[in-house]
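Asks: Dropping a structure here in structure tokens format, bear with me for questions.
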Amino acid sequence: MPKGIDTGDTAWLLASTALVLLMTPGLALFYGGMVRAKSTLNMIMMSLVSVALVTVAWLAAGYSLAFGHDLGGLGLLGGLEHAGLKGITPTTPHGHVPALLFVTFQLTFAILTTALISGAIADRAKFSAWMVFVPVWALVVYAPIAHWVWGGGWISDLGALDYAGGLVVEIASGASGLAMALVLGPRIGFRKEAMRPHNLPMVLLGVGLLWFGWFGFNAGSALAANGTAAAVFLNTLAAGCTGLLGWLLVEQRRDGRPTTFGAASGVVAGLVAITPSCGSVDVLGALAVGLVAGVVCSYAVGWKHRLGYDDSLDVVGVHLVGGIIGTLLIGLLAVHSMTGGASGLLTGGGAVQLGKQAIAVPVVGLFAFTVTFAVGKVIDKLMGFRVSAEHETSGVDLALHAETAYEHGVHGHANPLAKLAGNAALGMSTRQEQGA
């Protein structure tokens with residue numbers, strides 16, 4: 001083991017990296033169950049292709065732009081000295097872990113963040129346009145924000161706190177999702193037809209994998225196997241639980257019955273909000289963060305019907321709103337025992353930290369929204385970002401991928417086994433009628 005690299009920290013970060021990578025397939029199932037049956041495979045594919053595309057972009061330039069030496073001392077972007085991972089070898093350390101492992105850990109964050117945006121444009125986006133959008137967004141939106149917060153940029157210098165991605169992941173993806181929902185416009189039938197999740201067991205399986213992976217997402221961000229990682233791990237569990245309970249409480253009071261979809265959404269809301277604050281609050285603070293997010297996000301997902309933007313799978317209502325909640329609550333609930341310095345307004349630290357958080361939130365949100373809107377518009381102008389009305393109505397799975405999630409037929413050609421089974425069933429039915 002190279003000098004300075006700790007085997008225990010390395011082992012924990014290896015496991016955490018695998019956990020975070022698993023979150024993207026988990027997201028694919030979560031999103032895949034939330035859409036209508038005719039869009040299931042397309043939704044899953046949009047997540048899975050993000051793994052490949054972001055990986056290539058990150059290794060080529062994204063990591064260097066995010067974590068390279070600051071260009072011009074402005075705190076806005078890293079240089080390209082590590083393009084293609086130049087200068088990073090198996091023996092290069094990053095703190096107490098191998099630099100290559102840190103590169104990979106951060107890559108899994110970039111993958112998931114990019115894939116999250118797909119939920120805002122479900123049912124109506126061209127897969128080819130999405131494949132162009134993904135690497136461009138990772139380089140021009142995600143990498144700069146990551147540099148601002150984690151790469152020694154201006155938000156880091158400001159002193160605003162974001163332990164595992166409230167700004168970098170949640171607000172960036174949520175604001176970008178809103179931008180793309182506006183670029184593509186609403187789905188056919190939006191606010192007129194019920195567009196309910198078609199497979200709730202798949203949704204619950206997806207949220208289970210997301211929750212499992214989130215422990216690597218948050219506790220892995222300690223970059224060490226220590227007490228901080230343990231505290232963050234517990235905070236992550238606690239906030240997911242109170243997020244679930246908060247959402248169900250709203251459903252019970254508002255609708256008269258709690259739902260499984262609400263439970264899944266509440267878990268995600270709590271986890272989203274604790275992501276930035278898990279390393280800043282104690283366990284009581286984590287319980288409060290999750291509860292507030294579960295309650296507020298359960299109302300926020302309905303804003304799209306009032307305001308007219310079609311955020312198909314509630315990226316705005318859960319990730320943007322939840323990310324804002326968690327990031328701002330640091331300014332209220334941060335404790336010295338977790339941060340090693342700053343405290344919140346309600347924990348004896350005054351309003352200074354809240355002010356720093358309040359500066360970072362709108363700047364990141366506006367940057368992500370503006371640049372994403374511009375990127376989406378350019379791609380739409382060059383190649384079109386939305387499928388035709390005919391393909392949207394018939395289903396993007398068959399139109400774009402020549403596959404369907406549940407049916408045997410493809411382009412009108414029935415599966416031979418399905419045809420035999422159908423003939424056998426028809427024969428049995430005929431014999432039964434004759435016997436009667």
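The values are calculated or read from the model by the stated rules, or taken from the named source; none is laboratory data. Just so it is clear, the model here is predicted, and its values are computed rather than measured. In this analysis, Cβ positions are derived from the backbone assuming ideal geometry, glycine residues included, and neighbour counts consider all displayed protein chains. Remember, those area values only see protein heavy atoms, side chains included, never the ligands or the DNA or RNA. Shrake-Rupley method; radii C 1.70, N 1.55, O 1.52, S 1.80 Å.
Asks: From the gyration tensor of the Cα coordinates in the chain, what semi-axes in whole Å does the equivalent ellipsoid have, largest first, with each one equal to sqrt(5λ)?
Replies: Equivalent ellipsoid of the chain: 39, 25, 22 Å, largest first.
Asks: Which residue fluctuates the most in the chain, going by a Gaussian network model with Cα springs under 10 Å, if the choices are G189, G376, G119?
Replies: Of G189, G376, G119, the most mobile in the Gaussian network model is G189.
Asks: Mind checking the angle between helix 127-137 and the chain's longest principal axis? C-alpha axes, 0 to 90 degrees, to the nearest 10.
Replies: Value to nearest ten degrees: 0.
Asks: Okay, moving on. Longest span of the chain, sites excluded, free of trypsin sites (Lys or Arg not before Pro) in DSSP loop with at most 16 other C-beta atoms within 10 Å?
Replies: 193-436
Asks: For the range 196-312, what % of the accessible area comes from carbon and sulfur atoms, probe 1.4 Å?
Replies: Result for the range 196-312: 69 percent of the exposed heavy-atom area is carbon or sulfur.
Asks: Using 25 Å as the Cα-Cα cut-off, could you pick out the over-long pairs in K304/K356; K38/K192; K126/K192; K126/K377; K86/K377; K86/K356?
Replies: Pairs exceeding 25 Å: K304/K356; K86/K377; K86/K356.
Asks: Taking the Cα atoms only, what angle lies between the long axis of helix 99-116 and the longest principal axis of the chain, rounded to 10 degrees?
Replies: Tilt relative to the chain: about 50 degrees.
Asks: Compute the acute angle (0 to 90°) between the alpha-carbon long axis of helix 321-333 and the principal axis of greatest extent of the alpha-carbon atoms of the chain; round to the nearest 10°.
Replies: 30 degrees
Asks: Per Stokes-Einstein, at 25 °C and 0.890 mPa s, what whole-number D in µm² s⁻¹ belongs to the range 48-143, with the Kirkwood radius over Cα pairs as the hydrodynamic radius?
Replies: Translational D for this selection: 174 µm²/s.
Asks: OK, next. Amide H to amide H under 5 Å from H94: which residues, 5+ apart in sequence or cross-chain, H placed 1.01 Å off N in plane?
Replies: Answer set, sorted by chain and number: A99.
Asks: Okay, moving on. Suppose the chain between V378 and Y406 were pulled fully straight at 0.36 nm per residue; how much longer would it get relative to their current alpha carbon spacing?
Replies: Gain in length upon complete extension: 6.6 nm.
Asks: Give the relative contact order (percent, whole number) for the chain; include only Cα pairs under 8 Å separated by 6+ residues.
Replies: It rounds to 21 percent for the chain.
Asks: Rounded to the nearest whole Å², what accessible area per residue is found for the chain with the 1.4 Å probe?
Replies: 40 Å²
Asks: How high is the FRET efficiency between E81 and D255 when r is their beta carbon distance and R₀ equals 41 Å, given to the nearest 0.05?
Replies: Efficiency at R0 = 41 Å is approximately 0.15.
Asks: In what order, largest first, do T242, T91 sit by accessible area if the probe radius is 1.4 Å?
Replies: T91, T242
Asks: Now a separate question. What residues qualify as long-range amide H neighbours of R386, i.e. H under 5 Å apart, gap of 5 or more or another chain, H built at 1.01 Å from N?
Replies: The answer is K126.
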